[in-house]
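Asks: Just passing along the structure, written as structure tokens.
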Amino acid sequence: MMQAARDAAHETAAQTGLKAPLVIAVTVLTSMSSGALAETGVDTPLLDHVLRLAQLAHTAGLDGVVASPQETVAIRQRFGSEFAIVTPGIRGGVSAKTGTGASAGNGKASKDDQERTMTPGEAIASGASYIVVGRPIIAAPDPRGAAEQIAGDMRTPH
């Protein structure tokens, strides 16, 4: 199925004269914890399961995966710099260690329904190719300011 998706994307791009899009697979949703994964019948450790799914995507010739920022280091080590990692679960505008940025009023970045999160800068430093940021911007009182803070955090060494 993954190979068919990759082939269809490349064939359509060639027929239309466009560059082929990245074809990526989803590993484990960032809203899932180890316990929630176990409830679905997966009894292997969460990281091992993510790496297994990433291996299937890599073997199928996909361009990368969607994975929690907490798994990016292991994925990057195993599959190298050319394998794209898209990371949702981005929370907070600056390092959670500083206690600033988008927060739940307790000095920590709000995780909402997300279990495995990082700040934008931490995700980039861990090896993310792309980050997905939604609620930290759209739910902020000043969305533009939140986006600027996130961009600044991504430029700050972590």
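Bear in mind these aren't lab numbers, they're just calculated from the coordinates by the rules spelled out. Just so you know, these numbers come straight off a predicted model, no measurement behind them. Neighbour counts run over all protein chains shown; Cβ positions are idealised from the backbone, glycine included.
Asks: How would you rank Glu39, Glu148, Glu122, going from fewest to most other Cβ atoms within 10 Å of each one's own Cβ?
Replies: Numbers: Glu39 10, Glu148 13, Glu122 25.
Sorted ascending by nearby Cβ count, the order is Glu39, Glu148, Glu122.
Asks: Further, regarding this structure: Would you mind calculating the gained length between Ser34 and Glu11 on full extension (0.36 nm times residue separation, minus the Cα-Cα distance), in nm to one decimal? Each step should come with its number before you reach the end.
Replies: Working: separation 23, 0.36 × 23 = 8.28 nm, distance 3.82 nm.
That pair, Ser34 and Glu11, stretches by 4.5 nm at full extension.
Asks: Could you calculate the FRET efficiency of Arg78 with Ala20 from 1/(1 + (r/R0)^6), where r is the beta carbon distance between them and R0 is 25 Å, rounded to 0.05? The partial results should precede the final answer.
Replies: Working: r = 24 Å, r/R0 = 0.95.
Efficiency, from the Cβ-Cβ distance: 0.55.
Asks: Ok, one more. Once a ≥ b ≥ c are taken as the square roots of the eigenvalues of the Cα gyration tensor of region 15-89, is the result rounded (a/c under 1.5), prolate (a/b larger than b/c) or oblate (a/b not larger than b/c)? Provide the component values of the computation, followed by the final result.
Replies: Values: a/c = 2.18, a/b = 1.94, b/c = 1.12.
It is prolate, given that a/c is not under 1.5 and a/b is the larger ratio.
Asks: Sorting His10, His49 on the 10 Å Cβ count, fewest up front, what's the list? Working shown, then result.
Replies: Details: His10 14, His49 18.
Least crowded to most crowded, the residues run His10, His49.
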